[in-house]
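What follows is a short report on a single structure.
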Amino acid sequence: MDKVSMILTIYFENPFWVGIFERVVDANLMVARIVFGSEPKDYEIYNYILKYNCQLQWSPSVSLDDKTKHVNPKRLQRLVKQQTQNVGISTKSQLALQKQQELKKQIHQQLKHQNKEMNAKKRFEMKQQKKKMKHRGK
């Protein structure tokens, strides 16, 4: 059975407001981070979710321990109240964001390496062409 849940946490990270989407699919956590800029209103968040939910860049999944157990309703109320007062993001989310950042860094390094090689080839070809032109006496 597929279990999907999604949590949005919005907090102020000087000087911008940041949103962390946490999506749990079958005990696997994926995270996406977006920067809102100024403090978003409820309707702006709702519109953002409707328009750009499919365009979010999710981090690689991190497995969670699936511990489903009956919880007393009063305890559940206390947990919900605790989560609404909590302003930070979970450590699993931080790990997922860190993995995503490392992947982006690796891709950037590969592109940088390729550009460097291409520039070196161009410079070499220009030198060779210049040598030929000098040899011809031009």
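Remarks
- Within the stretch 37-52, considering residues that are within 19 Å of the chain's Cα centre (by Cα) and over 20 Å from Gln100 (Cβ atoms), the one most open to solvent (accessible area, probe 1.4 Å): Lys51
- Against the test of being closer than 27 Å to Met6 by Cβ and open to solvent by 100 Å² or more (accessible area, probe 1.4 Å), the options Gln94, Gln82, Gln109, Gln100 yield a single qualifying residue, Gln82.
- Matching residues in the stretch 53-70 - criterion: being over 14 Å from the mean Cα position of the chain (by Cα) and within 25 Å of Gln94 (Cβ to Cβ): Ser63, Leu64, Asp65, Asp66, Lys67, Thr68
- Only one entry of Lys99, Lys74, Lys104, Lys122 meets the criterion of being over 30 Å from Leu8 (Cα atoms) and among the charged types (D, E, K, R), and that entry is Lys122.
- Of all the residues in the stretch 1-16, those that are of a type in the set (Asp, Glu) and open to solvent by 100 Å² or more (accessible area, probe 1.4 Å) number 1.
- Any hit, the stretch 105-124, residues being touching a Ser or Thr at 6+ places or on another chain (Cβ under 7 Å) and not charged (D, E, K, R): no
- Yes/no for Ala96 being part of a helix (DSSP H, G or I), closer than 17 Å to Ala32 by Cα and either modelled with pLDDT under 85 or not acidic (Asp, Glu) (or both): yes
- Conditions (1) over 22 Å from the mean Cα position of the chain (by Cα); (2) assigned to a helix (DSSP H, G or I); (3) modelled with pLDDT of 80 or more; number of the one not met by Gln106: (1)
- Filter result for the condition that a residue is touching a residue at least 40 places away in the same chain (Cβ under 8 Å), part of a strand (DSSP E or B) and surrounded by 10 or more Cβ atoms within 10 Å (Cβ to Cβ), over Ile34, Ile20: Ile20
The values are calculated or read from the model by the stated rules, or taken from the named source; none is laboratory data. What you are looking at is a predicted structure, and each value in this text was computed from that prediction instead of being measured. Positions of Cβ are backbone-derived with ideal geometry, glycine not excepted, and every protein chain shown enters the neighbour counts. Ligands, DNA and RNA are excluded from the accessible area calculation, which covers all protein heavy atoms including side chains. Shrake-Rupley method; radii C 1.70, N 1.55, O 1.52, S 1.80 Å.
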